[in-house]
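The values are calculated or read from the model by the stated rules, or taken from the named source; none is laboratory data. Just so it is clear, the structure is predicted and the values come from calculations on it, not from any experiment. Here the Cβ positions follow ideal geometry from the backbone for every residue, glycine too, while neighbour counts run over all protein chains shown. With ligands, DNA and RNA removed, areas are computed over all heavy atoms of the protein, side chains included. Shrake-Rupley method; radii C 1.70, N 1.55, O 1.52, S 1.80 Å.
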Amino acid sequence: MTVMVPSRTPAHSITPGRQALDSALHQLAQAAEGLGLDEGLHAMLATPRRSLTVSVPVRREDGRMDVVQGYRVQHNITRGPAKGGIRFHPGTDLDEVTALAMWMTWKCALVGIPYGGAKGGVAVDPGSLTTRELERLTRRYVNEILPLIGPEKDIPAPDVGTDEQTMAWIMDTYSVNAGYSVPGVVTGKPTTLGGSLGRAGATSRGVQIATMAALDRSGDGITVAVQGFGKVGALAAQYLADAGCRVVAVSDVTGAIHSAAGLDVAAVRAWVAETGGVRGYREADALGLDELLELDVDVLVPAALEGVLTAANAPRVKARLIVEGANGPTTPEADAILADAGTVIVPDILANAGGVIVSYLEWVQNMQAYSWSAGEVDVRLRDLMEGAFGEVKSLAADRGVTLRDAAHLIGVGRVADAHRMRGLYP
Ligand code: GLU
């Protein structure tokens, strides 16, 4: 049996989405080999269980109607309901969403939460829409994917280009259709609608926990560069600074800034809130976006999109530790180059798992109609992150493999075990 590649794009046409899917399939193939999976099970794991493509009509303010493409992919639902964010980004496509859904499957299995993996996407630039257009788009997209989602079926969450407000509209649209309030249908909601304390900063907090676990020492004297000063990166920079690290460079779509003495991260966040980007921040020097990736720092945190560290720039990366706040920021070619150079990479499915961990805690609270304190949420997040980190580190040491390989061996292995135990119907 051959492993079907779930893509509409021919393998020779290398779009960013296709590249992400190729990376995900490559990682899976490595894990399948390491685990000795048979071809049929490998094929099962290489293909999403359900993929839905929808055309979403949006009424613009001037009365015009635009139609944008949307997706929801459930890669795997063997260990529990499908779980994963919804991305609004002009570059998103079915391949990218499929790759991201696959990474969610391994991530949830790795940190031991009872979910399968999913992802959604709408190929749109949310910055180009008014708030009312964005609301109409969100509600219509949710209507189109309504047959797939539900608190026991598939639970969306924020991702690139979506936030608490988007989740509130999704919760409302689903609830109005159901005829009653269903807070458990999405996570990352505002706390007034059943969102969990600690969810907003959870991915960043997880990045901090993973970084400190990998450093295995205090943050004093540790220099950090963060690529992508957005939802995940800005708070990761803040939490790393709080842990004593010196954040010397950050970037976003507007540019990159550098200060050898260390940035006042809170002041940079205030500047971004005021001006919309890091560019022009006065207490730092401007830096090229590529230069940031190649800075001589102890820790590099890519926290934006996929495919940032490539065969072209990996040989020039000087950081000894890379902590992947983003999903899929390192291509397999870059991964091999960095591994040969002895660079330690805390892989995405471990490093950025804090978000889905607190999503799970939010969903558990919703299902019980109960809420926990910020302290209780943080203790559970820390336990799950540190537990998963310890397992990955010790398997990597035992088998002499990278942290990424070990993380995939564990994540893929658990999903494969669940498939074997359940058997195949009919
Ligand atoms: N979008 C986040 C991720 O990639 C969070 C997903 C979730 O909370 O379901 O992990």
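Check whether at least one residue in the range 24-45 is in a strand (DSSP E or B) and at pLDDT 95 or above, and report yes or no.
First, the residues of the range 24-45 that are in a strand (DSSP E or B): none.
No, because not a single residue in the range 24-45 is in a strand (DSSP E or B) and at pLDDT 95 or above.
Pick out, from the range 184-279, the helices (runs of 4 or more DSSP H) lying fully within it that include 2 or more residues that are within 24 Å of E386 (Cβ to Cβ). Break it down into steps so the answer makes sense when it comes.
Details: elements: 202-215, 233-242, 265-275.
Qualifying helices (runs of 4 or more DSSP H): 202-215, 233-242.
Show the residue pairs that are 6+ apart or on different chains and have beta-carbon atoms under 6 Å apart, the first residue being within the range 240-263 and under 12 Å from Q227 (Cβ atoms), the second being at pLDDT below 95 and of a type in the set (A, V, I, L, M).
S251/L289; A256/L289
Within the range 333-361, work out how many residues are of a type in the set (S, T, N, Q) and part of a helix (DSSP H, G or I). Steps first, answer last, please.
Taking the range 333-361 first, the residues of a type in the set (S, T, N, Q) are 343, 352, 359.
When the remaining residues are screened for being part of a helix (DSSP H, G or I), the result is 359.
Residues flagged as of a type in the set (S, T, N, Q) and part of a helix (DSSP H, G or I) within the range 333-361 amount to 1.
Give the residues of the range 57-81 that are assigned to a loop (DSSP other than H, G, I, E, B) and under 28 Å from the mean Cα position of the chain (by Cα), sorted by residue number.
From the range 57-81, those assigned to a loop (DSSP other than H, G, I, E, B) are 60-64, 77-81; that's our starting set.
Listed by number, the residues that qualify are I77, T78, R79, G80, P81.
Does V346 qualify as being touching a strand residue (DSSP E or B) at 6+ places or on another chain (Cβ under 6 Å), over 19 Å from K189 (Cα atoms) and modelled with pLDDT of 95 or more?
Values: touching a strand residue (DSSP E or B) at 6+ places or on another chain (Cβ under 6 Å): yes; over 19 Å from K189 (Cα atoms): yes; modelled with pLDDT of 95 or more: yes.
Here the answer is yes, as V346 does meet what is asked.
List, please: which pairs have Cβ atoms under 6 Å, are six or more places apart or on different chains, and start with a residue in the range 191-207 that is surrounded by 20 or more Cβ atoms within 10 Å (Cβ to Cβ) and end with one that is in a loop (DSSP other than H, G, I, E, B)?
The qualifying pairs are G195/K189; R199/G188; T203/V232; T203/N352; S204/V232; G206/A353; V207/G325.
Looking for something more than 27 Å from V176 (Cβ to Cβ) and either within 16 Å of the ligand (Cβ to nearest atom) or surrounded by fewer than 24 Cβ atoms within 10 Å (Cβ to Cβ) (or both) - is there at least one such residue anywhere in the range 65-76? Full working, then the answer.
Step one: list which residues in the range 65-76 are more than 27 Å from V176 (Cβ to Cβ), which gives 75-76.
Now restrict to residues that are either within 16 Å of the ligand (Cβ to nearest atom) or surrounded by fewer than 24 Cβ atoms within 10 Å (Cβ to Cβ) (or both): 75-76.
Yes: the range 65-76 contains one or more residues that are more than 27 Å from V176 (Cβ to Cβ) and either within 16 Å of the ligand (Cβ to nearest atom) or surrounded by fewer than 24 Cβ atoms within 10 Å (Cβ to Cβ) (or both).
Only residues that are within 21 Å of the chain's Cα centre (by Cα) and either surrounded by fewer than 17 Cβ atoms within 10 Å (Cβ to Cβ) or among the hydrophobic types (A, V, I, L, M, F, W, C) (or both): list them for the range 396-416, please. Give the derivation first.
As a first pass, look at the range 396-416 and keep what is within 21 Å of the chain's Cα centre (by Cα): 402-415.
Answer for the range 396-416, where residues must be within 21 Å of the chain's Cα centre (by Cα) and either surrounded by fewer than 17 Cβ atoms within 10 Å (Cβ to Cβ) or among the hydrophobic types (A, V, I, L, M, F, W, C) (or both): L403, A406, A407, L409, I410, V412, V415.
Considering M167, M212, which residue is open to solvent by less than 10 Å² (accessible area, probe 1.4 Å) and either modelled with pLDDT of 95 or more or within 21 Å of the chain's Cα centre (by Cα) (or both)? Show your work before the answer.
On the way: M212 fails: open to solvent by less than 10 Å² (accessible area, probe 1.4 Å).
From the options M167, M212, the qualifying one is M167.
Mind listing just one residue for me: the one in the range 349-395 that is more than 10 Å from the ligand (Cβ to nearest atom), among the small types (G, A, S) and touching a helix residue (DSSP H, G or I) at 6+ places or on another chain (Cβ under 7 Å) and, of those, most open to solvent (accessible area, probe 1.4 Å)?
Applying the filter and picking the extreme gives S371.
Looking for whichever is under 25 Å from I77 (Cα atoms) and within 11 Å of the ligand (Cβ to nearest atom) here; the options are I155, I170, I149, I145. Which one fits? Spell out the reasoning first.
On the way: I170 fails: within 11 Å of the ligand (Cβ to nearest atom); I149 fails: within 11 Å of the ligand (Cβ to nearest atom); I145 fails: within 11 Å of the ligand (Cβ to nearest atom).
From the options I155, I170, I149, I145, the qualifying one is I155.
Spot the failing condition for L35; the list is (1) away from the ligand (no atom under 16 Å from the Cβ); (2) under 23 Å from L305 (Cβ atoms), and only one is missed.
That leaves (2) as the condition not met.
Residue by residue through the range 92-138, note down the ones that are open to solvent by 10 Å² or more (accessible area, probe 1.4 Å), farther than 17 Å from G411 by Cβ and within 16 Å of the ligand (Cβ to nearest atom).
The answer is E96, P126.
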